[in-house]
Each structure stands twice: as structure tokens, then as C-alpha cells.
6 protein chains.
Amino acid sequence: MFSYQKRLQYPVNIKKKDLRMAKYLVTQYGGPNGELGAALRYLNQKMTMPDDRGRALLNDIGTEELGHVEMLETMIYQLMKDATLDELKEAGLDTHYAEHAKGLFPTDANGVPFTVAYFATTGDALADLSEDMAAEQKARAVYENLIDLTDDPDVIGPLLWLRQREIVHYARFKELFEIYEKKNKKPNTNKAFKPMEEDIILQQLYMTPPNNYYY
Amino acid sequence: MFSYQKRLQYPVNIKKKDLRMAKYLVTQYGGPNGELGAALRYLNQKMTMPDDRGRALLNDIGTEELGHVEMLETMIYQLMKDATLDELKEAGLDTHYAEHAKGLFPTDANGVPFTVAYFATTGDALADLSEDMAAEQKARAVYENLIDLTDDPDVIGPLLWLRQREIVHYARFKELFEIYEKKNKKPNTNKAFKPMEEDIILQQLYMTPPNNYYY
Amino acid sequence: MFSYQKRLQYPVNIKKKDLRMAKYLVTQYGGPNGELGAALRYLNQKMTMPDDRGRALLNDIGTEELGHVEMLETMIYQLMKDATLDELKEAGLDTHYAEHAKGLFPTDANGVPFTVAYFATTGDALADLSEDMAAEQKARAVYENLIDLTDDPDVIGPLLWLRQREIVHYARFKELFEIYEKKNKKPNTNKAFKPMEEDIILQQLYMTPPNNYYY
Amino acid sequence: MFSYQKRLQYPVNIKKKDLRMAKYLVTQYGGPNGELGAALRYLNQKMTMPDDRGRALLNDIGTEELGHVEMLETMIYQLMKDATLDELKEAGLDTHYAEHAKGLFPTDANGVPFTVAYFATTGDALADLSEDMAAEQKARAVYENLIDLTDDPDVIGPLLWLRQREIVHYARFKELFEIYEKKNKKPNTNKAFKPMEEDIILQQLYMTPPNNYYY
Amino acid sequence: MFSYQKRLQYPVNIKKKDLRMAKYLVTQYGGPNGELGAALRYLNQKMTMPDDRGRALLNDIGTEELGHVEMLETMIYQLMKDATLDELKEAGLDTHYAEHAKGLFPTDANGVPFTVAYFATTGDALADLSEDMAAEQKARAVYENLIDLTDDPDVIGPLLWLRQREIVHYARFKELFEIYEKKNKKPNTNKAFKPMEEDIILQQLYMTPPNNYYY
Amino acid sequence: MFSYQKRLQYPVNIKKKDLRMAKYLVTQYGGPNGELGAALRYLNQKMTMPDDRGRALLNDIGTEELGHVEMLETMIYQLMKDATLDELKEAGLDTHYAEHAKGLFPTDANGVPFTVAYFATTGDALADLSEDMAAEQKARAVYENLIDLTDDPDVIGPLLWLRQREIVHYARFKELFEIYEKKNKKPNTNKAFKPMEEDIILQQLYMTPPNNYYY
């Protein structure tokens, strides 16, 4: 179970309203590469990791991401809480106002509702950790885009920190991926694929690529 | 931010595998009236509650629901962890196995991925609390259906407890709804609807229903 | 079956084009709390109401909501029928024009297509009526937002009337909810939950909230 | 606006429960080619038909399809209303029961919720009527599949009648398509495509198909 | 299998950036009536066409549409590749930039992700070909809207050509539809509908339309 | 543009019908980790790769995956083409038959329609290639599950070959990822993140994990 600690993981104190920026940040709340998807991905995948180390890593990072969701909610809320109706219209948040007033809702930057179709669980530790490494890289890229889109140091600060956390998480997932790859410790498998044989086929195929490959 | 406590909110110790039951329980994980939707609904809505009491209630119950998600994940995992491939086929979980092996994934009982389209935030405290009361009633109803579908006391126990929590949450949301209704403390509103006038129109309309109303 | 009556339930005569307003109104056509969802929700749920009174109420209000859908279609159409291409561009309806020209399409204000994931049926009269009460509250809140967004009395008139209808419907659903609650007339149930025992557990739980509850 | 007439457009009296059949019929309720989609498609498109004749045809058939939705709801309800829990399990409707008890919900036969992404409006009368003709053909095909799947004359009767209506509607849409094609009465268009020129290009292209065309 | 030919089916050389136009064109990439949907529709349906002629036609046009997807990708890319961040903001592509930088993604013009719910396969040749004819008409209509929205001959050229191809494809699908209609060559059917009887019912129904038909 | 070659990339000759297997294979056609998603992901991402090598690799593999889609279509078609209605019922493909007869449709194994929400493009080469590596690992895992679910060598053969291709593609994407990582050749970026500084923060954070990390 989870308990709530009444503080943010990293402080957020945005003094200047910026409605366009609020609109962009939503994508890291409920968009395809956002923090909500990350949290649910890891907390969901942890159940089938092959050992305690794996379960703990997924659980820890998943729990941390729940705190990132809260940071983003706070940023979005602070960026738009003092806006007038005219300012909302100006920024194109009038469509948001029509449906949600100033309430938050987890969507991407275009207003498409969050869906778990954004992530996968395969029950295969190597595949799941690859997915997790990709998730961290994609979130890093989006944070870089978001930083491009603002000049306000109160916004850039938390975004830089969040981006940094993605890099740390990537490193930790990669570490575990490599450990499992060595042990070839695949969970729940009753398959007997012969790696030797594979190598041979691999080589052959690699040497005879389809004829339309042009480099 | 959230911290993880390494225990379930209510103990889950299922000794007998039951794959059909695993399939049903998924709907309270990632289905339209499930715990994941509930947790996200409340943690999302809390930002625009009009006072500390409202924010605290939404935050508390939202945090608790995250723990319910974990209970359901544990139940589903225990119900299917020892299954053979033939048993999965027998129970219709072979389609799940094809994609996820024994990994969990938040869907409804038919495999439709979770989406936040299942819930709403309006930024209006009365509307949001109505939605929350409805959510608890619907979850209660689904738990009753799930209890109908099993005879295993190890499964019924946690389900009865979860159902009970929905009733408690319903009572607490109702309590707050009534407090706000009295104060008519609507957040973020610059509207000046005249309640008097409304009452009059209300009465008129109520007395002249459209002609196809048949009772 | 339904027959069409060649008049609107409430007159709509909008003389001034307003393309932004057209864009917002779409959300009460095909958005999460809109009239289309309301109509389908009630006409769908009526089948499992426990008595004639319930079936009639759901059927009547569902049928009325079909007429509200038509009112919104008419309003949207009148607001944009005379627009030039440049005006559509100015208002951000050029993306709509690309796909639909001036045709209508049931989406939310951001263009997300309507889905029945927006509503639920549980086969449990109390849960269904809670959902219906919430639906009316949410629709009321959205109509208030929409009224905020315009100054045109030709638009405000029908919106005030529609908002009023939501309040009437809410009252009628609440009335029926309370009748069923007293009778505890749950349809299709073979469960024997003991209310006494429940009350005791309820009290206990209510007295020992999880430690992170902070009020 | 619409008024409800307390009778079905065609009588439905199913005496034998058949849960698999209930499961299939759902697809003509809320599936991609079902009656709900048809009703909404036509009632939505009618707004931009170029003349009264077009508006009337779309409105009439759309209204009729609302009655077909009700027929399907009635059929599904009658087919499963007396089922025991064991029978629901046997038929694979236990996943439905978990979420909805015996309540109806507009999905396809696999339980995927209805979405208006199933249909289109283009604001172009010829394109819309082509879509409508296709809709009727597809619904006809699905009714033929459904008739294949049952031997119960009480089920086949209404299905044959519904299939027949699709053929009638197809004929009427085709009739109107041809009238508009002759007049080339395209609504809301400020384009000046030169048909002559087109014919020439058409011919050229038709004579020089891409080299991978193999007949 | 497919091989790639390193040239576009029709040349695309756009010299002037136009970000709004890029935003509109996306709908013919990943929108409901776009080229991606067309390609997948035909390549998917080809498997159940009743003869070689049908399979070949669907396969040829499906393959060609894959090339149209590439043309649209190229157009969109050329229209926005030199844009500055300020220009992206001006054009409302900042929400796209937040998530995708200048990467492409198959959505409609509002950013709603492509889904195969946009098309259907019925396994019935006549129904499938009706759907295909409708698809071509709808794509034609959208191309006409897109041509309306620009004055740049470098953009209009390829759009006119693509529109022309839709007309050609429509003609070819219609040709095949009529051939199959004559032979009544329905694939995979074990039904024995009596056309005679149908005609009679058809006539009767056609003569007694429901009473609310108003022309 | 693409041209079609009238042969499969790897021969498929399934002699024994197996309807359950057809149902599973669909997930590699239109499911979250399937070949259709893979093809579209790569062909979509290629546009923003930073150099010819990147564009060529993505284009080649994307084109190859289109051929894998065709292989899966062929396998599914062969597995179910001779089935009787009773056999379809037995295998739970009756719900498919109701809607599609024996036509194919790109869904996951539960019938959920394919959506491009399954993949991402970020315009950042490292993030996109991470996503691609993950995609190949996930597809490999699903092929292993599918091989578990059958004993028919005619089915296992193509599946082993397809699984092998995923491993080859993974290796090639990894190779390119490492080249780009060295060059830090990020496309379209005007950011100036200081790697040095990052390393320092990275280390600090890595040394002070949140207190609920439990290993």
C-alpha cells in the first residue's frame, strides 16, 4: 500500500502564469510518454519480475513516478490558476474550460485522454525492461522539448530535475537488463530455444538481407 | 509524493488457483468501475476542491485506492501464477497468455485497455462529488457481482472488505457533498445564476412534462 | 420506437455567427458529459430497471435528451453556417473543415470522437441512478461554463433552458433513488449481504482511518 | 424532437433463452456496423444535406434506426433475462456479468465499446451518401451472418425483417445519390474543379497503371 | 512481400513552409478518411475476395495507397522542416512539438491517433466493395477541402493528383461491384436467401413507410 | 513508393486448421506488439532520422515488416479457411464470424482494434531507436508465447523465422543506437544541455535514493 507524504519530491513554485506552457505540460501528465503512464507501467510490470531485485526496482521507480505525476499536476495548476476567461481564450484553453473549467485532466497536449495502450507488459523481463528503457528515453526527449518551449526559470528548474531523473532511471533499468541478459533469467518460461542454433541463423540472415536494402 | 509500505491494506492469501475468477477480477483493476480509475479520478480532482477538507478527503481516498489496485493485482497474480498452459487454454486466458504471458495488464474483463475516458473532472465540486458517489456505488455493484461468481472464502474475504470500503467512501463523499450544497461553495465560478428564478422555472417544467411521459 | 416531431423542444434562433462558441458547444453534443451520452445512457439502462416506474423515467428522460442532441446540432449549425474560410481559420475550425467541411461530428471540444466508455450500466438500479444523478450534475456544470463563454442572448437562452432541464432531471433521478433505497429493491440479485454486520464494520473502519489521512 | 411510441417497429417475442446468440446480437447494437452507429450517422449527416429531400430522407431513416436499436435491445434482453449464473458462465457471458450483471451495454461482440469513429461525416452529399450505402450493405452482411448462427424462428424473424430494411434503405440512398450525382449538387463548395480536364487525366492514368498491377 | 522503390509515385517539391497546411494534411495521413486507413483497408480485405480479379484489384490499390502515405509524409515534412519554434507556436503546432518535436505521427487534424475502427471488413465482397467506394468518395471530398485551404501550386499539384487517383479507384471498385452484383458471387456463404420473396417484401415495405416520414 | 512482389518473404503452408491458433496469431497482426505496428512505427520514424544510414535502416526494416504482416494474414487465413460454423463456435471465433465472417481484421487476441497509440515518435533519434529496440524485444517475447501454444511444425516454422528476424532487427537497431550515442547526433535540437553538470547531479541522485527503496 501507499502512504502520502505532504510534500513534493522536488519543490515547485511558479509565480508567473503561462497558459500555453500549462497546455504543453499536460502531455507529461497524461500523454503517451508521460509520468502517469510510466508509474502504471512499472507498478504493473513489477508483479512478474523474476526476483526481488527486479520487483524492488520496478516498485521503487513506479512509486517515485507517482510523485512526478503530482509535481506536474502542481505545475499545471500553478500556471493556470489565476487566468481570466479572456486569457484562457487567448491561449486556446477555452476548449478545456468548456469541459473542465480549471480542473485537471490527464490527456496529451491535444486533449486526447490517457489510455494504457501507451504501454505494454509481456511477462518477459528482458522485453519489459527494454520497454522501460525506451520509456525513459522518450520522456527525456519530451522534457527537452518542454524546456525549449519556456524561458521561465521556475518552470525550467523542476523540468531539468525531472529530465535528470529519467536519465537515472534509464541507467538503473539498463543495469538490470544487462544482469538478466547474462543470466538469461527469463521468468515463467517453458521454452527451450537453442541459443547456439540461433546464432547460426542470425549470421546467415544478417549476411543475406532482402534485396531492397539500399546501404 | 507517495511512499510505499511493504504490506497490503488487507491481507490476501489465495491458495487455490481459479483462472476464470482471475479473468473477472481484472475488471476491478482496469475496467470502467475499477480501482485504478477510482484512484486517478480522486487524485486528479483534488486539485480543484474548494477547501482543505475537500482536498484532504480526495487525496486520502485516492491514496487508499492505489492500495486497492495493489490488492487486486495480488489477487489476480495468486489466482493464476501456478496455472499450466492447458489450464489457461481451458479458462480462455490463452488470448491473454499470447500477448502478456502471465504478466498483468489493466483492462476490463474482455481485455479492453483502461482509459481515463471512464471518469470526469469538471472543476465544479458538486459535480465532481456526484461523480465520486456514483463511482463508489458502481464499484460496490461490481464487487457484489464478483462475490456471486466465486465460492472460495480466500477470495470472498478481500472482496467483501473492498466492497465495504466503497460504502464507507460513498458515505464520506455524500457527507461532503451535503456540506458544500449548503454553503453552495462552488469553486472558480464567476457566474451569477439566480436560484429564485430557477425554482420558478423548475416548478413550471416539472408540471408540464413532454406528452410522451407515460406515468 | 420513436417518431420525429418537426419542431425543437425549445426554440433556437441564433442570428450572429460565433465560431469559437460553435467549437465549445460541440462538447455538449459528443463530449464526455454531453447530451448524446446522456440519451444513450438512459435508453440503455432502462431495460434493467426493477419496475415500470423506473423504466418509464429512464425512457422519458432518454427520449427527451435525444431532442437536446438535436437542439445542440441546430445551435452549432446556425453558429457556423455562414462562416467564410478565413473566419474558420481564425477560429481554429480549419482543422474541422479539413475533415468535415461544415458537417457536424459528435466529439468533445478538442475533436476527440464520442465513445460509450463515457457512461456505464451495472444492472443495479441504485448504482445506475447514482451514475445518472452524477451525469446531470456534470452536464449542469458544463452548461454553466458554456454560458460563461458567451454574451449572445440567443445562445444563452437555450443554454439556460438546457441547464434547467438537467436540474429537473437530477431531482427526478434523486427521487427515484430514494424510493429504491428505502425498498432496497435491487434487481436481479441473488446475494444475501447482511446489512447489520455491515453497519458494525462500517463504524469500525470509519473510526480507524489509515494513518496518512490528514484531517 | 422525438417522441416515444410504446411499441416495437416489428414484434419481438423470443421464448427460448440463447446466451451465445445474445452475445452475437450485441454487435448489431453497438458494433462497427450496428444500428446505433447507423442512427447517429444519419441524424448527424442530415444537417448538411443540400435540400429538404436529403434532410428528410436522412432524418426518417435515422429515426427508424433508433427503433431498430430498441428492437435489438429487446432481443438481447429476452435472450438472456432468465439465465442462471452457471448458464452465463457456460456461454462466456460471465465477463459481461462481472461488469454489467444483466444490464445491456453497446459494444461489439467482443465487448469493445461503441465509438463514433465507426462513421464519418464529410459535409459532401455524395461522399456521405456513399458512406450510407456502404453502411447498409455492411449491416445486411452482418445480419446474414447472424441468421447463419441461429435456428430459432423467433430470432430469425426479426433479423430477416431488419436485413430487409437495410436493403430498402440502401435502395433509397442509392436513388438520392444518383439524383445528386446528376445535378452535381455539392453543398457548401467554393471549388471550381474542371471536369473536362479531369476526364483526360483519368483516361491517361487508367491506361498506365503502376507496374506491379498483375492482371 | 513488398519492395521499396526509392522514388515517390508523384513528385513533391514544396519550397515554401506552411505550418497550418502541414497540420491539415495530417488528416489524410492518419485521419478517418486518410491514405493509411485506405491502404490497410484494401490489403486487409483482399484475403477474402472471391476470385483472383478481386484479390488483385484490392492488392494493387492497397499497395498504391502505401505510396500515397509516403507522399503525404513527404509533404508534411517539407512544409514544416525549416520552421522555428516561434513559427510552430504561431501555427498551433507547439502542442505537436511538445510530444513529437518535428517527428511525424499518424493522427487526424486534431491530433487523435489513427485507429482501424475507421474501416471495416465483412468477408462479404459486395459490402466490402461498397465500403471501398465510400472510402474513395470521402477521401476525394477531403482532398477538395484541403485544396480549398491553400494557394500554393506546389501543394495543390500533388493534392489534385491524389484526388484524381481516388476518382480512378472509385471507378475501378464500382466496376468490380457491378460484376459481382450480377454474378451474385458472395464468398464464404452458406445462406439461401430467396431473392424473389425479398422483392415482394421490399415492395410492400417501400409502399408503407412509417408515419413520420415527411416527404 | 512500394511495389508488391507476388511471394511471401518466408513460405507459409499450413495444412491443418487450428482456430484457437488463428485467434492468437491475430495479436501479432494487429495487437500492441504486432507487425503492423512495427511497420508503421519504422516507416513513420524514418522521416526524422539524422542521416541516410538511419533513414535507410528504418525504411528497410519497416518495408520488411509489411511483408511480415502479409505472412501473418496468410497464416491466419490458412488456419481458418476450411472451418465449419460449428468449429468456429467451438473455438470462440463465432463472435468474429458475427462481424467479419471469415474476413481478417487487425486486432489483438481479444478483438481490440489496432491503434497507433501503441507506438511513439519523438523526433529524437536515441529515443526513437530505444523504442524500436523495445518493440523488437516485445515482439520476440510474443512469438515465444505463440510457439508455446502450438505443436504444429507448419506453424512453428514461420514463427521461429519471424522471431529470428526480431532478434536481427534488434541487433541492427542497437548498433545504430550506439553509433548515434557516441556522436550524440541528435536531430533538430537547439538545446545546450551540459553533460558534465549532468554527470554530477546524476551521481548525487544515484547515491541518495528515496527512503522507500528497499534493496
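The values are calculated or read from the model by the stated rules, or taken from the named source; none is laboratory data. Since the model is a prediction, treat every value here as computed from it, not as a measurement. Don't worry about glycine lacking a Cβ; one is built from the backbone with ideal geometry, like all the others, and counts go over all protein chains shown. Keep in mind that these areas ignore ligands, DNA and RNA; they rest on the heavy atoms of the full protein, side chains included. Shrake-Rupley method; radii C 1.70, N 1.55, O 1.52, S 1.80 Å.
Does E:ILE167 satisfy the condition of being in a helix (DSSP H, G or I), at pLDDT 50 or above and either touching a helix residue (DSSP H, G or I) at 6+ places or on another chain (Cβ under 6 Å) or crowded, with 18+ Cβ neighbours inside 10 Å (or both)? Before you say what the answer is, go through the steps one by one.
Details: in a helix (DSSP H, G or I): yes; at pLDDT 50 or above: yes; either touching a helix residue (DSSP H, G or I) at 6+ places or on another chain (Cβ under 6 Å) or crowded, with 18+ Cβ neighbours inside 10 Å (or both): yes.
It is true that E:ILE167 is in a helix (DSSP H, G or I), at pLDDT 50 or above and either touching a helix residue (DSSP H, G or I) at 6+ places or on another chain (Cβ under 6 Å) or crowded, with 18+ Cβ neighbours inside 10 Å (or both).
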For this session: Determine, yes or no, whether D:GLU65 is acidic (Asp, Glu), closer than 17 Å to D:VAL112 by Cα and open to solvent by less than 10 Å² (accessible area, probe 1.4 Å).
Result: no
Problem set entry | The one condition in (1) free of Cβ contacts under 8 Å to residues at least 12 places away in the same chain; (2) open to solvent by less than 10 Å² (accessible area, probe 1.4 Å); (3) facing chain B (nearest Cβ under 8 Å); (4) more than 18 Å from the chain's Cα centre (by Cα) that A:ASP60 fails to fulfil | (4)
Seminar exercise, completed: Checking D:VAL155, D:VAL142, D:VAL112, D:VAL116 in turn, the sole residue that is β-branched (Val, Ile, Thr) and more than 26 Å from F:LEU85 (Cα to Cα) turns out to be D:VAL116
Seminar exercise, completed: Selection from the range E:121-156 of residues within 30 Å of D:GLY34 (Cα to Cα), part of a loop (DSSP other than H, G, I, E, B) and without any contact (Cβ under 8 Å) to a residue 60 or more places away in the chain yields E:THR122
Exercise. Any residue in the range E:50-57 that is free of Cβ contacts under 8 Å to residues at least 24 places away in the same chain and under 19 Å from the mean Cα position of the chain (by Cα)?
Worked result: yes
Seminar exercise, completed: If we keep only residues of the range A:3-56 that are touching a strand residue (DSSP E or B) at 6+ places or on another chain (Cβ under 7 Å) and at pLDDT below 95, then the residue most open to solvent (accessible area, probe 1.4 Å) is A:GLN5
For this session: Residue by residue through the range F:68-119, note down the ones that are free of Cβ contacts under 8 Å to residues at least 60 places away in the same chain, facing chain E (nearest Cβ under 8 Å) and assigned to a loop (DSSP other than H, G, I, E, B).
Result: F:ALA101, F:LYS102, F:GLY103
Exercise. Of all the residues that make up the range E:6-30, how many are closer than 18 Å to E:VAL142 by Cα and polar (S, T, N, Q)?
Worked result: 2
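Take B:LEU85 and tell me if it is over 19 Å from B:ASP154 (Cα atoms) and open to solvent by 10 Å² or more (accessible area, probe 1.4 Å).
Working: over 19 Å from B:ASP154 (Cα atoms): yes; open to solvent by 10 Å² or more (accessible area, probe 1.4 Å): yes.
Spelling it out, B:LEU85 is indeed over 19 Å from B:ASP154 (Cα atoms) and open to solvent by 10 Å² or more (accessible area, probe 1.4 Å).
Say we look at the range B:115-162 and pick out the residues that are among the aromatic types (Phe, Trp, Tyr) and under 18 Å from C:ALA134 (Cβ atoms); which of these is most open to solvent (accessible area, probe 1.4 Å)?
Taking the range B:115-162 first, the residues among the aromatic types (Phe, Trp, Tyr) are B:118-119, B:143, B:161.
Then keep just the ones that are under 18 Å from C:ALA134 (Cβ atoms); that gives B:118-119.
On the way: B:TYR118: 23, B:PHE119: 8 Å².
Going through the qualifying residues, I end up with B:TYR118.
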Problem set entry | Subset of the range A:120-166 (residues that are more than 20 Å from F:GLN45 (Cα to Cα), β-branched (Val, Ile, Thr) and facing another protein chain (nearest Cβ under 8 Å)) | A:THR121, A:THR122, A:ILE147
Exercise. Among the numbered criteria (1) within 27 Å of C:GLY34 (Cα to Cα); (2) over 15 Å from the mean Cα position of the chain (by Cα), which single criterion is violated by B:HIS96?
Worked result: (1)
Problem set entry | Members of the range D:3-59 found to be charged (D, E, K, R), under 20 Å from D:THR121 (Cα atoms) and in a helix (DSSP H, G or I), listed by number | D:GLU35, D:ARG41, D:LYS46, D:ASP52, D:ARG53, D:ARG55
